């Protein structure tokens, strides 16, 4: 079955079985392996992508359901080799160690700060509670997201 | 794990969707998929056909009127969170929905999906039963409306027929001066409740309770009201003596399951504690 959607601003068309979830489609059919799969049943948040502006778990949406949507993955957050302010803040605060959860953390935080650039600590912690990290203990991640808020206040697309 | 292979259709009308469901006894409806896709991944559900409601128009309205609140089946959790008028029109609903799962799931999970999935620990079925909501379904035989208290029949089971699609959840009018509380206990933020309660009551001019409603999630085989507790509350002012009585009856009458997450006695104690905290919370003034 054919699924057509925008992937990081580019139109894509891909033939998939209806049972294939969007994460497998991105990784195996479209070669976008930045999206990581941890649990594959909606618990860990590693596979978070942004569909029509909203952070969603790409293991909990079928590729065929993305028809006509705009999908942004971690690859789509920066347009060149430079780090975005969010990524810079992650680096500065050591907000990753093994890096497995990082794509999901970045897409989730990017969706949050795009909509709510003034999110307070409690809000950031609450939103990130849907993303598991087994390395950092979360505190550096929360600090990085809080610091990145400034860049989202200045412009819609940092 | 990967789901079993299935066919997929996204019809453009409700009628087509119902006919597709009727044509295949192993067909299932998908809306947000936040409960169904995990079941597919774990192969606890093995449909031959998924009928996606994403192209069916008119299913995602939130209507607030003098008679109450009407929610379309494709209303997402975040639509309820973001809907300003609901803060007054149904604060219990909004508070309960704030406890549903996580950010990403709230961006896709839907009203109709939660009702049809009927997890005994889910928030919305608990609110529906507590508030005497009504659920409207459309199938090949036409449309019917069922009281929420009769809709849920057990864990993950309802009276919905295979060809029926939920088209509306109706929550009766909510008076502004109503007393209420929603409390949930889970092991981690966003987890399903080990136990939770939704409660509300009105007061007569002498400050005595009338119209008491208490519902429990997570500690029964389906969302259930604690009718004996409601009976003891009605006609009396809420004070510590009454709360003690209510707590004792709640602990005696709730019938919790036992599983690897918690023994029955623990859930029973949780319900008692939540009823106590909920009644105390409900007596406090709210700033809306």
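The values are calculated or read from the model by the stated rules, or taken from the named source; none is laboratory data. None of the values given here were measured: they were computed from a predicted structure. Cβ sites come from the backbone with ideal geometry, for glycine too, and all protein chains shown count toward neighbours.
The combined condition, being outside the structural domain of residue A:24 (by TED's automatic domain parsing), closer than 29 Å to residue B:98 by Cβ, in contact with a strand residue (DSSP E or B) (Cβ under 6 Å, 6 or more places away or on another chain) and in contact (Cβ under 8 Å) with a residue 24 or more places away in the chain, is fulfilled by residue A:104. Taking segment B:1-29 as the range and being facing chain A (nearest Cβ under 8 Å) and outside any loop (DSSP other than H, G, I, E, B) as the test, the residues that pass are B:7, B:8. Answer with yes or no whether residue B:193 is in contact with a strand residue (DSSP E or B) (Cβ under 7 Å, 6 or more places away or on another chain), under 25 Å from residue B:118 (Cα atoms) and not assigned by TED's automatic domain parsing to the domain that holds residue B:103. For residue B:193, the condition - in contact with a strand residue (DSSP E or B) (Cβ under 7 Å, 6 or more places away or on another chain), under 25 Å from residue B:118 (Cα atoms) and not assigned by TED's automatic domain parsing to the domain that holds residue B:103 - is met. Scanning segment B:54-64 for residues that are within 13 Å of chain A (Cβ to nearest Cβ) and touching a helix residue (DSSP H, G or I) at 6+ places or on another chain (Cβ under 7 Å) turns up at least one hit.
Residues of segment A:30-51 that are within 23 Å of residue B:6 (Cβ to Cβ) and away from chain B (no Cβ under 14 Å): A:30 alone. Within segment A:4-29, the only residue that satisfies the criterion of being facing chain B (nearest Cβ under 10 Å) and in a strand (DSSP E or B) is A:21. Could we say that residue B:71 is touching a helix residue (DSSP H, G or I) at 6+ places or on another chain (Cβ under 8 Å), in contact (Cβ under 8 Å) with a residue 60 or more places away in the chain and either more than 13 Å from every other protein chain (Cβ to nearest Cβ) or under 30 Å from residue B:178 (Cβ atoms) (or both) here? Yes; evaluated as a whole, the condition is true for this residue.
Scanning segment A:55-73 finds one or more residues that are farther than 19 Å from residue B:38 by Cβ and surrounded by 24 or more Cβ atoms within 10 Å (Cβ to Cβ).
Scan segment B:93-109 for residues that are part of a helix (DSSP H, G or I), within 7 Å of chain A (Cβ to nearest Cβ) and touching a residue at least 24 places away in the same chain (Cβ under 8 Å) and the total you get is 1. Might you let me know whether segment A:143-154 holds any residue that is at positive phi and in contact with a helix residue (DSSP H, G or I) (Cβ under 7 Å, 6 or more places away or on another chain)? Within segment A:143-154, not a single residue is at positive phi and in contact with a helix residue (DSSP H, G or I) (Cβ under 7 Å, 6 or more places away or on another chain). The set of residues from segment B:201-243 being part of a strand (DSSP E or B) and surrounded by 20 or more Cβ atoms within 10 Å (Cβ to Cβ) comprises B:201, B:209, B:212, B:213, B:214, B:215, B:216, B:217, B:224, B:225. Taking the criterion of being touching a residue at least 24 places away in the same chain (Cβ under 8 Å) and under 19 Å from residue A:45 (Cα atoms), the residues of segment A:71-89 that qualify are A:71, A:72, A:73, A:74, A:75, A:76, A:77, A:86. For segment B:76-92, the set of residues classified as away from every other protein chain (no Cβ under 14 Å) and either without any contact (Cβ under 8 Å) to a residue 40 or more places away in the chain or closer than 20 Å to residue A:112 by Cβ (or both) consists of B:80, B:83, B:84, B:85, B:86, listed by residue number.
Put simply, of A:122, A:111 the only residue that is over 16 Å from residue A:87 (Cα atoms) and either outside the structural domain of residue A:35 (by TED's automatic domain parsing) or crowded, with 17+ Cβ neighbours inside 10 Å (or both) is A:122.
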